[in-house]
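A short worksheet on the structure shown next.
The values are calculated or read from the model by the stated rules, or taken from the named source; none is laboratory data. Note that the coordinates shown come from a computational prediction; the quantities given were computed from them, not determined experimentally. Because the Cβ atoms are built from the backbone with ideal geometry, glycine has one as well, and the counts that use them run over all protein chains shown.
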Amino acid sequence: MAEQWHERLVRLQAAKGWSNRETAMHYIALSPFHEETQLDSVLAMFKRYRRGEITNPSPETQQAIAAMFDLPVADFFAQRPLANQNVPDRLSPTEFTDLVAALRMPKVGEAHLAQAEAEVERLCTAYSAQDARSLTIEVDDWLKELAALVHEGRVSLAGHERVIHLTGWLSLLRACLMWDQGDEQATHQARVAAEGFAADLGDNVMAAWT
């Protein structure tokens, strides 16, 4: 069985001869979102990492952990599950226009929500193959469309939950895209938003990706 990332962390930490506290201090020195006053909370977080309780840390956390051991992120963490999937065909301009028009109707039906879900899935899958800047534009367009559905009351209660779920995954995707483009503040904002959506929905899978 392939070595899991938390097992690699334990092994490399032992090779360095670092205590958990020393490891946490090295991490803080490399993390853009932590400082020495947070040592106790970072130490508690690392104990969870070592136990394998967090399967997929945020992109910035992965970067800092890999940097502690002078390794590329790709060598420390397994490739994202979506990276090897085929990217579905994007909507044609006419199909996109028709879908957006349907989403702007006074009430949005099941079929159009399902189509929106398929498009969000395509965007997530496209992350490994599409230019980050162009994909960000598409993601932002969809975030605006989904927000309008809720703000204007055009979905039922069940539909509202589905829209929030899609918005959470798009927020995670946006966090990855912003990190790839070197925008740490936007990365943090998108990740925090995704954490909030995951908590509101009780979605453990989404929470694990944050």
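Structure notes:
- When Trp18 is tested against (1) outside any loop (DSSP other than H, G, I, E, B); (2) modelled with pLDDT of 85 or more, exactly one condition is not met: (1).
- Considered as a group, the residues in the stretch 64-77 that are out of contact with any Lys or Arg (no Cβ under 7 Å at 6 or more places or on another chain) and modelled with pLDDT under 85 include one that is surrounded by the most Cβ atoms within 10 Å (Cβ to Cβ), and that residue is Phe77.
- Scanning the stretch 166-194 for residues that are buried (at least 19 other Cβ atoms within 10 Å of the Cβ) and of a type outside the set (A, V, I, L, M) yields Thr167, Gly168, Trp169, Ser171, Arg174, Cys176, Trp179, Thr187, Arg191.
- Which numbered condition Ala190 fails, given (1) among the hydrophobic types (A, V, I, L, M, F, W, C); (2) in contact with a Lys or Arg (Cβ under 7 Å, 6 or more places away or on another chain); (3) in contact (Cβ under 8 Å) with a residue 40 or more places away in the chain: (3)
- Met206 fulfils the conditions (1) within 23 Å of Glu53 (Cβ to Cβ); (2) aliphatic (A, V, I, L, M); (3) over 12 Å from the mean Cα position of the chain (by Cα); (4) surrounded by 19 or more Cβ atoms within 10 Å (Cβ to Cβ) except for a single criterion, (3).
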